[in-house]
Amino acid sequence: FSIERQVAETSETVLGTPGLRVVLLSRDGTVADGSSRTSARMRAYGDRVDHLRVVSLAKQEASSVELSPRVHADVIDVRGRPLPWRLVRQVREAIAAEQATLVVAQDPFEAGLVAAAAAQAEQIPFVVEEHGGVYLSDHWRQESLKNKLLFPLGLRVLKRAAGIRVVSAKIEEN
């Protein structure tokens, strides 16, 4: 694993755009740990944009931390299953605070749905990252009832996105 390689593989048309201010939705709470691989990767992403605000929807205590002069991370505690419109409102507040020009969701499901709603309300584009290749076969969908429900939701979010960033050639081909 190389943080430099992953950052380099992120499309120049997204992270190389001058003046880009990004709100990125994740579900990885380790972003608030300044020594984690996730926070190191976010600092590297932050070097390629004017500002990056990471909003993590995680099952842990809420926190807020400056990772670098260009990168801020907020963890929103979702253990109590907050109502979706409250999450959208919090992301809209982050968009406004950053004067964001792009929203990025690290999955097309929960984070993607919140990103899509917040970006639409603020009239800015959103991009979805596809990490798992869940649309390559029916295996993931058949694993659980939750996955069966998330599958069509993710498809709708992907179709509404201004762009999709895939993490492997195999996923990109499909």
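The values are calculated or read from the model by the stated rules, or taken from the named source; none is laboratory data. Keep in mind the model is a prediction, meaning the values are calculated, not measured. Note that we place each Cβ from the backbone using ideal geometry, even for glycine, and neighbour counts take in every protein chain shown. To get the accessible areas, we keep the full protein, side chains included, count just its heavy atoms, and leave off ligands, DNA and RNA. Shrake-Rupley method; radii C 1.70, N 1.55, O 1.52, S 1.80 Å.
Side notes on the structure shown:
- The one condition from (1) within 27 Å of residue 154 (Cβ to Cβ); (2) in a loop (DSSP other than H, G, I, E, B); (3) hydroxyl-bearing (Ser, Thr, Tyr) that residue 30 does not meet is (2).
- Entry remark, segment 40-61: residues being open to solvent by less than 60 Å² (accessible area, probe 1.4 Å) and either out of contact with any helix residue (DSSP H, G or I) (no Cβ under 8 Å at 6 or more places or on another chain) or in contact (Cβ under 8 Å) with a residue 60 or more places away in the chain (or both) number 1 in total.
- Only one entry in 98, 93 is in contact (Cβ under 8 Å) with a residue 60 or more places away in the chain, acidic (Asp, Glu) and closer than 16 Å to residue 121 by Cβ, namely 98.
- Scanning segment 103-133 for residues that are more than 10 Å from the chain's Cα centre (by Cα) and closer than 17 Å to residue 42 by Cβ gives a single hit, 131.
- Residue check, residue 98 among the charged types (D, E, K, R) and modelled with pLDDT under 95: yes
- Restricting segment 62-88 to residues that are within 16 Å of residue 105 (Cβ to Cβ) and not β-branched (Val, Ile, Thr), the residue that is surrounded by the most Cβ atoms within 10 Å (Cβ to Cβ): 73
- Pick from segment 125-157, criterion aliphatic (A, V, I, L, M) and buried (at least 16 other Cβ atoms within 10 Å of the Cβ), ranking: modelled with the lowest pLDDT: 134
- The criterion of at least 2 residues that are more than 18 Å from residue 158 (Cα to Cα) and not β-branched (Val, Ile, Thr) is met by the following helices (runs of 4 or more DSSP H) wholly inside segment 34-125: 37-46, 84-98.
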